[in-house]
Amino acid sequence: MAMSANPDRPEESRYEEEERLACGRLLSDVWDAWDAGRTADDPHLAACPHCSAALAELTGLGEAVRRTCAEEPGVPEATTAAVTARVMDLVRLELRPGRPLPLGEPEEDHWIVEAAAARLLRAAVDALPGVRAGSCRIAPLDPADPTGPVHVRVEVAASLDRSLPDLADAVRARIAEVADQDIGIRLGAADVLVVDILDDDDDEDEDEDVDGDEYGRHGTGGAA
């Protein structure tokens, strides 16, 4: 579990832990620029061979996931795009540790990076029956207070064995339990977004899904 022990420098710890390209740019910053469509506006990104190579790898990964999904018979184009976006979102969390999050009380000197906490929460949600976790984002509930409670937003695919509001309540309860008892972060709010629906075949096919695709490929759900 990645932790930082200096609450006065949480942002600096991010730069110590993230991958830096040979040109000095953080890989996460290059990714953010590409994701926001700002690459053409940055002369460095346009001219730097290291940033260009990193962007080529990112776009190549996205295209590979899209092609793999598109080769599956009967998969709508919208589902292919959604799966590709989710896979890239999860890869982003693996590449960048994310912001430091406070563990315990505000006066305590313990921190955990977002990616590590998100992995624990996704695993906890996955353990619930009829649920598969996808993207999990964690940020301070109050951006002006980085040592305060956190806001969790998790995307899930779910079966229709129970109502979506009941399922969302179960996911929130599980997140609250693990955040408090297993991780030690103070949860201020948790949002659950149902983005896909699982059918009876998904549990059997789970090990055969595309790498990184925690979801089934059988349509989309709604928000809960």
Check your understanding: Taking all protein chains as present, what is the carbon and sulfur share of the accessible area of segment 114-163, in % to the nearest whole number, probe 1.4 Å?
Key -> 57 percent
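As an exercise, use a Förster radius of 22 Å and the Cβ-Cβ distance of Ala47 and Glu19 to find the FRET efficiency, rounded to the nearest 0.05. Walk me through the intermediate numbers first.
Working: r = 21 Å, r/R0 = 0.93.
The value I calculate is 0.60.
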Exercise for review: Hey, can you grab everything whose amide H is under 5 Å from the amide H of Leu101? Only 5+ residues off in sequence or another chain; H modelled, so Pro and N-termini drop out.
Suggested key: Ile112, Val113, Glu114
Check your understanding: How much length is gained if the chain between Glu177 and Asp145 is pulled fully straight, taking 0.36 nm per residue apart and subtracting their Cα-Cα distance, in nm to one decimal?
Key -> 9.2 nm
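Taking the Cβ-Cβ separation of Arg153 and His110 as r and a Förster radius of 35 Å, what is the calculated FRET efficiency to the nearest 0.05? If you can, show how the numbers build up before the last one.
Values: r = 23 Å, r/R0 = 0.66.
Once rounded, the FRET efficiency stands at 0.90.
Out of every Cα pair in segment 101-194, what percent are spaced more than 18 Å from each other? Please list the in-between numbers first.
Values: 1749 of 4371 pairs.
Cα-Cα pairs in segment 101-194 separated by more than 18 Å: 40 percent.
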Review point. What full-extension length gain, to one decimal in nm, is calculated for Ser163 and Ala123 as 0.36 nm per residue of separation minus the Cα-Cα distance?
Key: 12.2 nm
Review point. Could you give the accessible area per residue of segment 124-190, probe 1.4 Å, as a whole number in Å²?
Key: 44 Å²
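The values are calculated or read from the model by the stated rules, or taken from the named source; none is laboratory data. Quantities reported herein were computed from a predicted structural model and do not represent experimental measurements. A quick note on method: Cβ atoms are made from the backbone with ideal geometry, for glycine too, and the neighbour counts reach across all protein chains shown. We work out accessible area using only protein heavy atoms, side chains counted, and drop any ligands, DNA or RNA first. Shrake-Rupley method; radii C 1.70, N 1.55, O 1.52, S 1.80 Å.
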